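Input: a single structure, listed below in structure tokens.
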Amino acid sequence: MSNSHKKRNLAPDTLEAAAAAVMRTAVASGTPVALAGGLALQLYGSTRLTGDVGFVAERAMPEYPPERRLSFGGYASNVGGVPLDLILRDDDFEPLYQEALRDAMPHPTLPGAVIRPEFLVAMKMVAGRKRDEADLEFLLTEADLDVASTRQIVYRFLGPYAAREFDQALQIARWRAER
């Protein structure tokens, strides 16, 4: 990652204000969006720091013009100086992200929705970066997760092999949490 794309960690209240601004803009423009990524994890209780707000979106938002493309689909922009990732999948995982968007839950303190942890698990399995592995472990052990529903989501969108990987990841995460 070049220096121009490095993100510094931001305070949760700064991130939440930026997320709320995106949510209000999305409502005004009729664009379905739902919070995902590090801030969503913080809202579920994670202590992971992040330097951006990430949203799964149904379509691009002209109010937030692209600054660069995201390798996994969509683009980076900013909202009031806070880095913004708009995730627009157009690959084999698009059905997962669209279902996650449709099934997102309203948040009590934000003017919009957040991706449910069951879908975040599948998204983290798709992403497979080092930080996603740590996020996955948090979701499997600390978030209020419906394990059976999560396994069904993983199986339906990622296949039987991924469902077996989910079972193994759950077993390992639980073992580590007990130690």
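The values are calculated or read from the model by the stated rules, or taken from the named source; none is laboratory data. Computed from a predicted model, the values in this text were never measured in an experiment. Cβ: placed from backbone, ideal geometry, glycine included. Neighbour counts: every protein chain shown.
Please state which of the following conditions H107 fails to meet, knowing it meets all the rest: (1) within 23 Å of V27 (Cβ to Cβ); (2) free of Cβ contacts under 8 Å to residues at least 12 places away in the same chain; (3) not charged (D, E, K, R).
In the conditions (1) within 23 Å of V27 (Cβ to Cβ); (2) free of Cβ contacts under 8 Å to residues at least 12 places away in the same chain; (3) not charged (D, E, K, R), H107 misses (2) alone.
Tell me the strands (runs of 3 or more DSSP E) entirely within the stretch 1-120 that contain at least 2 residues that are over 21 Å from D135 (Cα atoms) and not assigned by TED's automatic domain parsing to the domain that holds A134. Talk me through it step by step, then tell me what you get.
On the way: elements: 33-36, 53-57, 74-79, 82-87.
So the answer is 74-79.
Taking the stretch 62-120 as the search range and keeping residues that are surrounded by fewer than 18 Cβ atoms within 10 Å (Cβ to Cβ) and polar (S, T, N, Q), which one is nearest to the chain's Cα centre (by Cα)?
For the stretch 62-120, the residue satisfying everything is Q98.
Search the stretch 131-149 for residues being more than 15 Å from R174 (Cα to Cα) and within 15 Å of the chain's Cα centre (by Cα), and hand back the single one that is surrounded by the most Cβ atoms within 10 Å (Cβ to Cβ).
That would be D132.
Scan (1) out of contact with any Pro (no Cβ under 9 Å at 6 or more places or on another chain); (2) at pLDDT below 95; (3) among the aliphatic types (A, V, I, L, M) for the single condition L35 breaks and write down its number.
(2)
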